[in-house]
Amino acid sequence: MNTDDLIRLLASDTVAVEPRVWRRRYALALGAGLVGAIALMLMVLGLRPDLGTAVLLPMFWVKFAFPVALLAGALLATVRLSRPGLPLGRVAAAIAAPVLAIWVLAVIALLGASPAERSALIWGNTWTTCPANVTMLSMPAFIALFWVMKTLAPTQLRLAGAAAGLLAGALGAAVYALHCPEMGAPFLGLWYVIGMLIPTTLGALIGPRLLRW
Amino acid sequence: MSELKNRMLSEGEARLRELFVRGLAGDAAVYQASLQELSTHLRAFLRRRLSSLPDDVEDLVQEILLAIHNQRHTYDADQPLTAWVHAIARYKLVDLLRSRSRREAMNEPLDDHAELFTDSETEVADARRDLTGLLAQLPDNQRLPIVHMRLAGLSVTETARATGLSESAVKVGVHRGLKALALLIRSKHEH
């Protein structure tokens, strides 16, 4: 078949394409990931018992806002890396900003604490389970996002996989905040970050193999 | 990698983009014309990049055209067409070079035999990989619509009558068949 034949063949495929179909697909994937994460959290972990009073504390909202801010940056990275030829622009800064902000809060908290209190701020009571739980809650979104990304056309596969992993991780962390009793910025800046880095790393590792087209 | 960009810019990115967008909106003739024009840019671009593998140029042009078509839902009209096409061309080019270097590293002697008979002079102007041969591997509900419509030049209605499929099944068959074809090409790279 010569190239002109192929072009005629391609032009004969008249199945219409929906403009910006990626928006709908990613919205569905995030919705499914969110529902999955909440269901897992309720079944396996449960809401924190003092949620009713915790929501009155600013730190509860900081803990929630941190992964949500990261989620926004990671979503931007994911949708741009899913389609050929789009510049990343300031996406890296959008992802770095929430992490830097929580680290600033962590340093302030540590400086204001006595040496005895400091280790409690860093380790909390749940550091052994936090990263694994964040990873677990990120898995529904992880699978759904990779599913969608596979229907699009990423050209930087490792980076695209990492972005989808971070997006899933941030969503998992946001849902985990409804269970997690920890309230220290140093804890968040360390263990939540590690929890989100696990799906990010996983995405970077499997991206090149899974996302090829 | 900027030659393709410059070339397309000089030929009028805006005009080609308009053609392509109109084509995507459902004007098959305009779509065909835009692919035709893109193919000439791609060929020139790849000839320069693949000077050591001249026999691969037309194969890669075809593979990139198929990729452009199959991934056309990832193009937004507000994005420069040049950047989108360039990113796809670059991705497929890197893919080809990677699979070539892997194959050479493995030093697979079977490849030499397989390519022995295709290596004739009359095929120089044609693609080395014959897509018609790959088409034969597709299931009937995809292969028949493609064969009738393209190679025999029938319309959707005529193809439906000839194959006993419904008109929408013919359309879907072509659509899915082209995706399957891209997968077949890719799996050939990997082996």
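For the pair the range B:59-103 / the range A:58-113, the C-alpha centres are spaced 32 Å from each other. Both radii were evaluated on the Cα set of the range B:51-101; the Rg over Rh quotient, with Rh as the Kirkwood radius, amounts to 1.02. Comparing Cα centroids, the range A:162-198 and the range A:1-32 end up 35 angstrom apart. A simple packing score, the average count of other Cβ atoms within 10 Å per residue, orders the peptides A:60-71, B:134-145 as A:60-71, B:134-145, with the highest score first. For A:Ile95, the solvent-accessible surface with a 1.4 Å probe is about 40 Å², rounded to the nearest 10. Averaged over peptide B:177-188, the number of partner chain Cβ atoms lying within 10 Å of each residue's Cβ comes to 1. With 50 Å² as the minimum drop in accessible area between chain alone and full protein complex (1.4 Å probe), the qualifying residues in the range B:54-95 are B:Gln62, B:Gln71, B:Arg72, B:His73, B:Thr74, B:Asp76, B:Gln79, B:Tyr91. Each residue was assigned an accessible area with a 1.4 Å probe, and for B:Thr157 the value is about 60 Å². Note that the protein assembly as shown, at 10 °C in a medium of 1.306 mPa s, gets a Stokes-Einstein diffusion coefficient of 66 µm²/s from its Kirkwood radius over C-alpha pairs.
For the range A:17-210, the relative contact order is 35 percent, taking Cα pairs closer than 8 Å that sit 6 or more residues apart in sequence and dividing their mean separation by the residue count.
Diffusion coefficient (Stokes-Einstein, Kirkwood radius over C-alpha pairs, 25 °C, 0.890 mPa s) for the range A:17-210: 144 µm²/s, rounded to a whole number. Annotation: B:Ser155 carries an accessible surface of approximately 50 Å², with a 1.4 Å probe and no ligand, DNA or RNA atoms counted.
The values are calculated or read from the model by the stated rules, or taken from the named source; none is laboratory data. None of the values given here were measured: they were computed from a predicted structure. Heads up, the Cβs are rebuilt from the backbone with ideal geometry, glycines too, and the neighbour counts pull from every protein chain shown. Note: areas computed on protein heavy atoms with side chains; ligands, DNA, RNA excluded. Shrake-Rupley method; radii C 1.70, N 1.55, O 1.52, S 1.80 Å.
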